[in-house]
Amino acid sequence: MMRLSLLLLLCLSTSRAQPLQVGGFAHGGFDFHQTSFQALPGTFSCSPGFSSAIGRGFSTGGIVSIPVWSFELPAGLGRGLPTFRLAYEQRNAAFRTREQQLIALDSSTARAAIEHRASVEFSAIAVQLGAALWVRPTIVLEPSLSISFPLRSHFEQGEYLVEPADRGRFRETGTRERNRSSGTLSGLAALDPAVVITAGWSHGAPHSFQLRPELSVRVPLGSTLAAFPWQMFSLRAGLCMLFALPERSESRPPPPREPPAEQESPPQAPTLDLPALVVDVHAIGLDTADRERRIDTISVHIRQRRHIRPLLPYVFFEEGRAEIPSRYARLRPEEVAHFDESELASYSTLEAYYHLLNIIGSRMRKRPSAQLLLTGCTMGVGSESNRLDLAWQRAADIRTYLHTVWGIDTARIRISARNLPPRPSMVGHPDGNAENARVEISSTDPAITDPVVGTETQWNVDPRKVALRLMVSPIPAQWDLHVRFGDSLILARSGTAAPPPRILLPAQWHMFPAGIVDIELSAHCPHAVPPERSITRQIAIAPRADTVQSRYERFSLILFDFDDATIPSSQQSLIEGLKRHITPSTRITITGYTDRMGDRQHNLRLAERRANALARILGVLGRATITAVGSDELLYDNSLPEGRFYSRTIEIELEH
């Protein structure tokens, strides 16, 4: 009973120190809807499906801040007050999606753009229970649990002919609209829970009046509709006004008169109970999932790897065009003397590929007996159907470049033209059409289209990222952080409030020699004991020479045709050379990749068939580690035809 009485007295005392606050707020902003449906409940639609929309909304209501149960935040960050909000909310969404369909157009049919629309309006009463956390004298964070109760809803749904804009109609209605419906939306969830985080910047006095600009984020915990998943995220901004209720005056007897102080006794200085100043810092490593582990060493692993990359002997053209696209590197005649193919070893695969014509020209000059065949091809459909003249002009444009820039005699360059390539990609598919509009380059000398060979150095740093975890308590008046490697300053940070809990070190650790990294954190806090404190930590960079243990080779030898697992005959000599690199102790890893065309499971099976086919030819089927990646990881930019061709590959890594 005594403890309960003391607790009650404490609450009443706190209540008098921090009066009850009431007020109102108004927010406006945007609602972000994530869902998946073809038609709203109780309606019919031919849409391919709606998935997301952005709408505008607002909320307004009252707020009560209750000081009776106020509490202190840990680490001296401030104080917290329970809050209660009651709000009226208005939300809306406008879903739109388009598709192409055949419609009646005059006396025939034509392909047109159909726009499917679904607009929804919601209103609800929301109850929010939260806590206002005063992390700074004027900054407040208010996390809360919100429960919304639906009041009213309305929807409109329909399909509209938008292109062509001046003519056309639906067969079913004879108009430019169909499947229109509207009314009250059915199937709303009875409760719509969410987490709301509000940040505010307070102006005024807590004991009288506060005006607080606010920004809030709403994250749903459930679905707005019971029929199918529908989640509404909100971002709102607005104002909140709080008024402190006047305290009830209490009649109190006058305090007793103090006895006269004795002249002989000097006044005693008050005893201050100051907190201890705590300062700490340590290094942490971050993996790809941003998981932390404490570290005292940074290991740098060096891998020298011989890389053999295939040279794709195709030049791709824009639809209906015969000019060589600008992404292909072209030189002036006076520049060819300085072209060095060996410098391409440090280029990326596609960067090296874009020098295809210069590589061919350089090799043709070095092998004067080699003959070249340029086979021009077209998409074979649409504007390029039966366009042998276009196919011929594409090949002729390449011959002109090789002759005028590289000085290759036109008698050594033969041209042929055809519609589709001998092994075309998917005809009619946009990606397939782009791949078929090409010129294929072949030679009587296989060395003209040999792979590009180079040596690359890989630097693997463990851990992947290095950060510092800082802790200073209580909040200091000043803190300073310095990270040094010898006489070099890696990082310097300082502040006049609480330091961030984690700071990333943006250093390229593979560029550092072996040595020690010194980390020093100091803080000054006049209201702590002692008022100043510093701490020093160290992390080591491991000797790089100790990490070189193996020799690595990577081969990207196989360029497959579309949806084909057959090893091309042009690769047989390269495979025989690859066999000579394999010893009984070699560790072999074979990884199969595909492009983006086709569904995921089909691409995984195709990648596995390609990898197994190569392992079987190499005689390492039961020995090699085989991985099928398919289209889960696209090696190159698949928006380009060359990127898709290079993605249809197998990478073989040998560790000796």
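Here's the yes/no breakdown for (1) exposed (fewer than 15 other Cβ atoms within 10 Å of the Cβ); (2) touching a residue at least 60 places away in the same chain (Cβ under 8 Å); (3) among the β-branched types (Val, Ile, Thr):
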position: Tyr353; (1), (2), (3): no, yes, no
position: Gly361; (1), (2), (3): no, no, no
position: Pro368; (1), (2), (3): yes, no, no
position: Leu372; (1), (2), (3): no, yes, no
position: Thr375; (1), (2), (3): no, yes, yes
position: Thr378; (1), (2), (3): no, no, yes
position: Ser385; (1), (2), (3): yes, no, no
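The one condition from (1) within 30 Å of the chain's Cα centre (by Cα); (2) at pLDDT below 90 that Arg117 does not meet is (2). Taking first residues from the range 571-600 that are under 11 Å from Val620 (Cβ atoms) and among the basic types (Lys, Arg) and partners that are at pLDDT below 85 and part of a loop (DSSP other than H, G, I, E, B), the Cβ contacts under 9 Å between residues at least 6 apart in sequence or on separate chains come to Arg587/Ser550; Arg587/His656.
Look at the range 20-40: where a residue is assigned by TED's automatic domain parsing to the domain that holds Glu214 and a partner is buried (at least 19 other Cβ atoms within 10 Å of the Cβ) and among the β-branched types (Val, Ile, Thr), sitting 6+ places away or on another chain with Cβ atoms under 6 Å, you get Gly23/Ile63; Phe25/Ile63. Applying the selection to the range 502-514, what residues are at pLDDT 90 or above and exposed (fewer than 15 other Cβ atoms within 10 Å of the Cβ)? Correct list: Arg502, Leu504.
Residues in the range 283-341 that are exposed (fewer than 12 other Cβ atoms within 10 Å of the Cβ), in a loop (DSSP other than H, G, I, E, B) and among the hydrophobic types (A, V, I, L, M, F, W, C): Ala289 alone. Taking the listed residues Gln157, Gln210, the one that is polar (S, T, N, Q), surrounded by 13 or more Cβ atoms within 10 Å (Cβ to Cβ) and under 17 Å from Phe37 (Cβ atoms) is Gln157, with no other qualifying. Applying a threshold of 8 Å to beta carbon distances and a minimum spacing of six or more residues, or different chains, the list of pairs starting in the range 434-446 at a residue that is aliphatic (A, V, I, L, M) and ending at one that is outside any loop (DSSP other than H, G, I, E, B) and surrounded by fewer than 18 Cβ atoms within 10 Å (Cβ to Cβ) reads Ile441/Leu373. Highlighted here are the strands (runs of 3 or more DSSP E) found entirely within the range 376-494 that include at least 1 residues which are under 30 Å from Arg533 (Cα atoms): 465-473, 478-485. Criterion applied to Ile408, Ile441 was being in the same structural domain as Ala322 (by TED's automatic domain parsing) and over 21 Å from Ser647 (Cβ atoms), and the one residue passing it is Ile408. The criterion of at least 2 residues that are within 30 Å of Leu20 (Cβ to Cβ) is met by the following strands (runs of 3 or more DSSP E) wholly inside the range 143-231: 192-201, 209-220. Checking each residue in the range 472-482 for being of a type in the set (A, V, I, L, M, F, W, C) and in contact with a Leu (Cβ under 9 Å, 6 or more places away or on another chain) picks out Val472, Ile475, Trp479, Leu481.
Taken residue by residue, the range 375-388 has no member that is over 30 Å from Gly428 (Cα atoms) and assigned by TED's automatic domain parsing to the domain that holds Asp445.
The values are calculated or read from the model by the stated rules, or taken from the named source; none is laboratory data. Since we're looking at a predicted model, the values are computed, not measured. Reconstructed Cβ throughout: ideal geometry from the backbone, glycine too, with neighbour counts over all protein chains shown.
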